[in-house]
Amino acid sequence: MAKSVSVSITLPPGVRLPITPEADGDLLSAPYYQKIGRLLEEGRFDLLFIADILAIRDTLGGSLDSQLRYRALRLDPLVLLSIIAGATKHLGLGATISTTYAQPYVLARALATLGHLCGGRAAWNIVTSFQEAEARNFGLTEQLSCEERYERADEFLEVVTKLWNS
């Protein structure tokens, strides 16, 4: 049976793993994430998955208070996974990346780079994004319709797959 863990950087540090910035270093340092990767690999986990959205969630009454209070940190998951790749040998490395706001060539290049750096252990959690806050971060007044997002995702996936495999 495969074992995986999802790391959410928006939660208070140490909630899901026995690593805290106080005991194990700076949350904004490479060694912090390398230690997480090594710990998971030692525990024989198959995959580290970093969930991501492209905004600070404002779902509690339109207020950012709860997110900001708990360090709503949004580091780029592909950069973190690249750092972890150098500290691990077997751990799969997965990230959420939106087809609505990414660009196919840039994403294919980033995924191929991660794949080469980690010996083929890269994984992509494909999402279409759904939060209005994400749309606002990209200059839109509202989110694309579900139908528009899924149509874009179909074409996006086809293009990224061809580029990634080229």
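The values are calculated or read from the model by the stated rules, or taken from the named source; none is laboratory data. Just so you know, these numbers come straight off a predicted model, no measurement behind them. Ligands, DNA and RNA are stripped out before the accessible areas are found, and what is left, the full protein with its side chains, is counted by its heavy atoms. Shrake-Rupley method; radii C 1.70, N 1.55, O 1.52, S 1.80 Å.
Ordering LYS35, LYS89, LYS162 from largest to smallest accessible area (1.4 angstrom probe), what's the sequence?
Numbers: LYS35 85, LYS89 160, LYS162 135 Å².
Per-residue accessible area, sorted high to low, gives LYS89, LYS162, LYS35.
Given a 1.4 Å probe, how much area per residue of region 76-135 is accessible, in Å²?
For region 76-135, the solvent-accessible area averages 42 Å² per residue.
Each of TRP124, TRP164 has its accessible area taken with a 1.4 Å probe; listed largest first, they run TRP164, TRP124. Among CYS146, CYS118, the sequence by solvent-accessible area, most first, with a 1.4 Å probe is CYS146, CYS118.
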